[in-house]
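The values are calculated or read from the model by the stated rules, or taken from the named source; none is laboratory data. None of the values given here were measured: they were computed from a predicted structure. Neighbour counts run over all protein chains shown; Cβ positions are idealised from the backbone, glycine included. Surface areas here come from the heavy atoms of the whole protein model, side chains and all, with no ligands, DNA or RNA. Shrake-Rupley method; radii C 1.70, N 1.55, O 1.52, S 1.80 Å.
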Amino acid sequence: MTEILTTPCVDVVIPCYNYAKYLDYCVGTVLSQRDVNVRILILDDCSPDNTPEVGQRLAESDDRVTYSRNAENLGLVGTANRGVIEWATAPYTLLLSADDALTPGALARSTEVMERNPEIGMTYGMAIVVNEINGEYPAEDQEKFAFRKVSGKRFIERFCRNKNPVASPTALVRTSTQKKIGGYNPDFPHTCDVEMWMRFATQSDIGVVNAPQAYYRWHDNNMSSKYISQPMGDLREQFETCVYSCRVWGGHIAEFPIWIDEMRTRFASEAFWLAGIALQKKDKNGVEECLKFAINLRPDYWKLRSWWVYQVKRLLGPQRYAQIQLWSGRSNTQYQPFTHGAQFGWWPDTE
């Protein structure tokens, strides 16, 4: 391990749309980070609330903060690229949603890992799920912490076989690598972050900090919560993201197409399960969408147990099937991804 001789510099980009009520807390958790020099760019994507007032006040109160409002609404991807590609110049960059926040010492831990391991292009850690109450689940500043380095190949395999392992507000990247591989892809508005992390993984190793690095706010106004509440959530875009990453960035990883084929079976099975949930909710369009997606992934869909389970549910009818589920002690409810106060993020078992 190399010795850290200078204080690391981190540029933090904070896209904000209609999240003025969270800005003070979010920015405060960045400015209070120890052992790093930070700059903050608040990017207001034409918010209809009082984001200009709050952003300008924060900029006037601390010269490390800059506030800028887009001339027109660019969406998350366009706004993020304004920051990480056009503005960021420090060795490290963090893209932080205005409704999320950092835990004490988060940037010091991540930069320590990356300063000592130049082969690592991105480092992430654990996140604590919070709601509207700030400080409800306080995290201690862990100066001593465990970390692991995983190969980019292993990181991609983990995503393909188990879905996203990263909490977005914890992902600190090496700016030079970010500039090399380019900005976020507008073709994936709901999975642009995971596409970017997979892109990093095709170029470098990934660092993992086994400590709470951020607070991830899960509430009714999350862009992701609204999308996940749809019949298939972001299942289709997850699959398309992996196919794209394999084709454009992962050609040198021989196993990547194999992992994609495995995803076809797993995602088709999940889509049949979601079709059953949509059937129970009497959502005809949702049922058709899920079935079409699953059959497209697996033309031999009749070989899947999930297909026959769906057929049983269809023949019995939603009400009778629900009674059977109740009698058997099983649940068939919509997937709930986050619980307030819980911690999430993939910690590799071995290096």
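Tallying residues that are open to solvent by 10 Å² or more (accessible area, probe 1.4 Å), within 20 Å of Pro8 (Cα to Cα) and touching a strand residue (DSSP E or B) at 6+ places or on another chain (Cβ under 6 Å) within the range 118-131 yields 1. Taking the range 179-199 as the range and being open to solvent by 40 Å² or more (accessible area, probe 1.4 Å) and under 29 Å from Ala342 (Cβ atoms) as the test, the residues that pass are Pro189, His190, Asp193. Taking (1) open to solvent by less than 10 Å² (accessible area, probe 1.4 Å); (2) of a type outside the set (Asp, Glu); (3) within 27 Å of Asp187 (Cα to Cα) in turn, Val10 satisfies each apart from (3).
Residues checked against (1) modelled with pLDDT of 95 or more; (2) open to solvent by less than 50 Å² (accessible area, probe 1.4 Å); (3) touching a Pro at 6+ places or on another chain (Cβ under 9 Å):
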residue: Lys144; (1), (2), (3): yes, no, no
residue: Arg161; (1), (2), (3): no, no, no
residue: Ala167; (1), (2), (3): no, yes, no
residue: Ala201; (1), (2), (3): yes, yes, no
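Out of everything in the range 282-312 that is in contact with a helix residue (DSSP H, G or I) (Cβ under 9 Å, 6 or more places away or on another chain) and outside any helix (DSSP H, G or I), what residue ends up being most open to solvent (accessible area, probe 1.4 Å)? By that ranking, first place goes to Lys282.
In this entry, Trp327 is excluded by the filter for residues that are at pLDDT 90 or above, open to solvent by 70 Å² or more (accessible area, probe 1.4 Å) and aromatic (Phe, Trp, Tyr).
Taking the criterion of being surrounded by fewer than 18 Cβ atoms within 10 Å (Cβ to Cβ) and either within 30 Å of Thr265 (Cα to Cα) or out of contact with any Phe, Trp or Tyr (no Cβ under 7 Å at 6 or more places or on another chain) (or both), the residues of the range 132-141 that qualify are Glu132, Ile133, Gly135, Glu136, Tyr137, Pro138, Glu140, Asp141. Within the range 131-152, residues that are part of a loop (DSSP other than H, G, I, E, B) sit with their Cβ atoms under 8 Å from residues that are surrounded by 15 or more Cβ atoms within 10 Å (Cβ to Cβ) and among the polar types (S, T, N, Q), at 6+ positions apart or across chains, in these pairs: Ala139/Thr103; Asp141/Thr103; Phe145/Asn210; Ala146/Asn210.
Among the conditions (1) modelled with pLDDT of 95 or more; (2) crowded, with 19+ Cβ neighbours inside 10 Å; (3) under 23 Å from Arg116 (Cβ atoms), Ser176 misses just one, which is (2).
Asp62 falls short on exactly one of the conditions (1) out of contact with any Asp or Glu (no Cβ under 8 Å at 6 or more places or on another chain); (2) within 22 Å of Tyr184 (Cα to Cα), and that condition is (2).
If you take the residues of the range 231-281 that are of a type in the set (Val, Ile, Thr) and within 22 Å of the chain's Cα centre (by Cα), which of them is surrounded by the most Cβ atoms within 10 Å (Cβ to Cβ)?
The selected residue is Thr241.
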